[in-house]
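Note sheet for the following structure.
Derivation of every value follows stated rules applied to the coordinates shown; laboratory data play no part. All of these numbers come straight from a predicted model, not from anything done at the bench.
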Amino acid sequence: MPSKTDTRPVFELRLYGLHVVVQHVPSWLVALATTAGGAAGTWWAQRSHL
């Protein structure tokens, strides 16, 4: 069994009194960003050829 180690967060933001830490990125968020990026890229490619 692996020993418990101190893992680094994926994202950490410290701004004045605000401290936000993201430990892991959910897979549904990665899928949503990929789909939105592909749709935006397709729309942009079609618009630039007109």
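Quick one: compute the contact order of the chain, relative version, from alpha carbon pairs under 8 angstrom and 6+ residues apart, as a percent.
After rounding, I find 22 percent.
Through the Karplus equation 6.51 cos²θ - 1.76 cosθ + 1.60, θ set to phi - 60°, convert the phi angles of the range 10-22 into ³J(HN,Hα) values in whole Hz; use x for Gly and Pro.
So the Karplus estimates, Gly and Pro as x, are 5, 9, 9, 10, 10, 9, 6, x, 8, 9, 10, 10, 10 Hz.
Could you state the angle between the C-alpha long axis of helix 27-48 and the longest principal axis of the C-alpha atoms of the chain, as a value from 0 to 90 degrees rounded to the nearest 10?
Rounded to the nearest ten degrees, it is 20.
So between Arg47 and Thr34, what do we pick up on full extension, going 0.36 nm a residue minus the alpha carbon distance?
Between Arg47 and Thr34, full extension yields an extra 2.7 nm.
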